[in-house]
1. For I178, which of the numbered conditions (1) closer than 21 Å to V249 by Cα; (2) loosely packed, with under 15 Cβ neighbours inside 10 Å fails to hold?
2. Kindly indicate which of V114, V97 is open to solvent by less than 30 Å² (accessible area, probe 1.4 Å), within 15 Å of Q3 (Cα to Cα) and not in a loop (DSSP other than H, G, I, E, B).
3. Can you list the strands (runs of 3 or more DSSP E) found entirely within region 194-277 that contain at least 3 residues being crowded, with 19+ Cβ neighbours inside 10 Å?
4. Looking at region 285-303, I want the residues that are under 15 Å from K2 (Cβ atoms) and have a partner that is among the aromatic types (F, W, Y) with Cβ atoms under 9 Å, at least 6 apart or on another chain. Which pairs are those?
5. For region 139-167, enumerate the residues that are more than 29 Å from V249 (Cα to Cα) and touching an Asp or Glu at 6+ places or on another chain (Cβ under 6 Å).
6. What are the residue pairs meeting all of these: first residue in region 113-135, first residue without any contact (Cβ under 8 Å) to a residue 60 or more places away in the chain, second residue assigned to a strand (DSSP E or B) and basic (K, R), Cβ atoms under 9 Å, and 6 or more apart or on different chains?
7. Check V207, V249 and return the single one that is closer than 21 Å to K125 by Cβ and modelled with pLDDT of 95 or more.
Amino acid sequence: MKQVVVLGATGSIGCSTLSVLAAHPEKFAVLALTAATGVDKLFEQCLTVNPRFAAMQDPVAALQLANKLKDAGRATEVLSGTEGLVALAAHPEADIVMAAIVGAAGLLPTLAAVEQGKTVLLANKEALVMTGELFMQKVAIHGATLLPIDSEHNAIFQCLPLPMQQAGHNAQLPDYGIARLLLTGSGGPFLQRPLASFEQITVAEAVAHPNWQMGQKISVDSATMMNKGLEFIEARWLFNCNANDIQVVIHPQSIIHSMVQYTDGSVLAQLGQPDMRTPIAHALAFPERISSPVKPLDFFSLQAFTFSEPEAARYPNLYLAMAASAAGQGATTALNAANEVAVAAFLAEQIPFTAISKVNEQCLNRFLSYQASALDDILALDAETRAYARQLLGTL
């Protein structure tokens, strides 16, 4: 019986994880659930799965959750703050940690799980975008098992030859006959929208993804293709490759989740419904296979597959992320911080959709050459970039 900690349990990935776990009570038990401020939702989840521990990032929310659980006669112990999340991620009895906290807030708990040698199912992009080199060093030093949950990275992982999957994150693509990784993306809701109308894009339009059910921040990132840019940065660290080894391909149907092109001309692709429970089930049981609640593909009802190259004018954030990846760790840390501030401002209707890339570009230009390898330096750069991005908001 594997003991599982779900960091970010109330988000879309967290809920999907609990759905898969519920289908296999003989294999998995929920040790702990965490959330930021969503007291009511985490309370309902605790009533359902009865974890030994829970944690809320916000101390006031943690107190509210503790009182509600006590009134309900539940013995779940409630922790609070980043310290509480870190303690649960590193708990001695935890076997698997689902790292699904969105944003920089997930970095320290995810690192804590790695440092304790856990099996980490990585759905938090920022851990690698902010601290890629440091993070992967810690994975190697502490003997952690790192399995990707993003549908694209999980697809690539599944298409790798078994010896490379087992070789760890220092494996070289050419040694296994791999020519290129093909990272697919849907193009989001504005693939066909006239560029001249982008200034009028509303929050409701930006969060309405055509294929995936996701949180607001990730949905906006998908609309700008910053999500794909962050995945590009992640892929370089996960698969130990260069920028030239990755090609981004727009595939609006979101059925092919990514592909691996081999030197002999073969291309292996992973297909499936646009449902995160598939990669979650794969990673939870790896190297075995378990069932998930996802319906199998019906090939007779599929629409035609189409592919195209992403336009720079339509998706400037994607190309900013590629440029940051080439510049180094400081640049990717700064870009991520700027984007979080800009997307939050857009969701609060403080800036137009087109201003997101403007904030990101100005921050990237300012911090492009910054070096950040130690954790303290990374966190300081993150804070400095956020402060600068907030200053920019009033000028746009």
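The values are calculated or read from the model by the stated rules, or taken from the named source; none is laboratory data. Predicted model only: the values in this text are computed from it and were never measured. In this analysis, Cβ positions are derived from the backbone assuming ideal geometry, glycine residues included, and neighbour counts consider all displayed protein chains. We work out accessible area using only protein heavy atoms, side chains counted, and drop any ligands, DNA or RNA first. Shrake-Rupley method; radii C 1.70, N 1.55, O 1.52, S 1.80 Å.
1. Of (1) closer than 21 Å to V249 by Cα; (2) loosely packed, with under 15 Cβ neighbours inside 10 Å, only one is false for I178: (2).
2. Details: V114 fails: within 15 Å of Q3 (Cα to Cα).
The unique qualifying residue is V97.
3. Working: elements: 246-250, 256-262, 267-271.
In region 194-277, the matching strands (runs of 3 or more DSSP E) lie at 246-250, 256-262.
4. Partner pairs satisfying both residue conditions: F286/F157.
5. Let us first name the residues in region 139-167 that are more than 29 Å from V249 (Cα to Cα), namely 139-144.
Answer for region 139-167, where residues must be more than 29 Å from V249 (Cα to Cα) and touching an Asp or Glu at 6+ places or on another chain (Cβ under 6 Å): just H142.
6. That search, which allows pairs on different chains as well, returns T119/K2.
7. Numbers: V207 fails: modelled with pLDDT of 95 or more.
Only one candidate qualifies: V249.
This table checks each residue for (1) within 29 Å of A348 (Cα to Cα); (2) not hydrophobic (A, V, I, L, M, F, W, C).
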site: D221; (1), (2): yes, yes
site: M226; (1), (2): yes, no
site: F239; (1), (2): no, no
site: Q247; (1), (2): no, yes
site: H251; (1), (2): no, yes
site: S254; (1), (2): yes, yes
site: Q261; (1), (2): no, yes
site: D264; (1), (2): no, yes
